[in-house]
1. Tell me, which residue of region 2-21 that is of a type in the set (Gly, Ala, Ser) and surrounded by fewer than 11 Cβ atoms within 10 Å (Cβ to Cβ) is farthest from residue 44 (Cα to Cα)?
2. Which one is surrounded by the fewest Cβ atoms within 10 Å (Cβ to Cβ), of the residues in region 131-181 that are within 13 Å of residue 114 (Cβ to Cβ) and among the aliphatic types (A, V, I, L, M)?
3. Is region 190-197 home to any residue that is acidic (Asp, Glu), out of contact with any His (no Cβ under 6 Å at 6 or more places or on another chain) and surrounded by 10 or more Cβ atoms within 10 Å (Cβ to Cβ)?
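What follows is calculated from the coordinates using simple rules that are stated; it is not laboratory data. Since the model is a prediction, treat every value here as computed from it, not as a measurement. A quick note on method: Cβ atoms are made from the backbone with ideal geometry, for glycine too, and the neighbour counts reach across all protein chains shown.
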Amino acid sequence: MIQKTPSLNQLVHELSRLPGIGPKTAQRLAYFVLRAPHEYAQSLRDALKGVKERIRECARCFSFTEEDDRICHFCKDSMRSDEVLCVVEDPSDIERVESSGVFKGRYHVLHGAISPLEGVSPSDLKIQALLDRLKPENGGTVREVILALDADLEGDTTVLYLAKILKDMSIKTSRIAHGVPIGGDIDYIDHRTLGRAIENRVQV
């Protein structure tokens with residue numbers, strides 16, 4: 001029998017709408033919030049309100065920023081190279097690239113990938129903004145574009161679309177390699193990943 005607790009049921013419903021959160025996990029989280037001190041619920045509410053009110057898209061790369069001038073710290077960093085641009089699907093992908101410690105260029109966030117089945121076309125993404133950013137007449141100095149997109153159907157479709165356009169613009173275009181992870185056992189690698197690894201093999 002479902003408990004007649006509308007407020008709790010509403011919280012479970014809202015939490016279950018989050019990506020990767022199923023009904024059972026949502027219920028556990030809701031009960032955690034319910035049992036937590038009042039101060040925690042207040043802090044959670046303030047944090048949710050804060051990100052919606054203060055965080056905006058960067059006016060240059062479309063990642064997220066809290067700066068008043070809407071320019072993120074990656075775009076402001078004078079130590080980064082303007083000649084290499086890394087294109088990612090989501091702002092969260094920037095942190096993953098940064099964690100590698102090897103990329104010192106600029107970023108551009110598409111906010112998704114082309115997906116005809118879901119009705120997502122190039123015009124729905126920040127692709128035109130990317131092309132405008134690369135034009136020499138707009139001050140573009142990029143020599144290479146690195147496509148750091150997901151290795152799925154949507155990512156592949158977006159890569160093919162961008163590669164064709166960038167080829168016409170005579171800009172060097174590359175894609176991050178996909179294959180067997182460091183420490184991975186080849187016995188447990190799926191055939192698609194193994195195929196990518198063979199295609200992206202390097203000379204030793």
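1. Of the residues in region 2-21, the ones of a type in the set (Gly, Ala, Ser) are 7, 16, 20.
With the extra rule that they be surrounded by fewer than 11 Cβ atoms within 10 Å (Cβ to Cβ), the set shrinks to 7, 20.
Numbers: 7: 16, 20: 19 Å.
Looking at the filtered set, the residue picked out is 20.
2. Taking region 131-181 as the starting set, the residues that turn out to be within 13 Å of residue 114 (Cβ to Cβ) are 147, 149-150, 152-165.
From the residues that got through so far, the ones that are among the aliphatic types (A, V, I, L, M) too are 147, 149, 153, 159-160, 162-163, 165.
On the way: 147: 21, 149: 22, 153: 13, 159: 20, 160: 11, 162: 23, 163: 14, 165: 15.
Here the answer is 160.
3. Applying the first criterion (acidic (Asp, Glu)) to region 190-197 yields 190.
Within this subset, residues satisfying the condition of being out of contact with any His (no Cβ under 6 Å at 6 or more places or on another chain) are 190.
In the following step, the residues that additionally are surrounded by 10 or more Cβ atoms within 10 Å (Cβ to Cβ) were identified as none.
Within region 190-197, none of the residues are acidic (Asp, Glu), out of contact with any His (no Cβ under 6 Å at 6 or more places or on another chain) and surrounded by 10 or more Cβ atoms within 10 Å (Cβ to Cβ).
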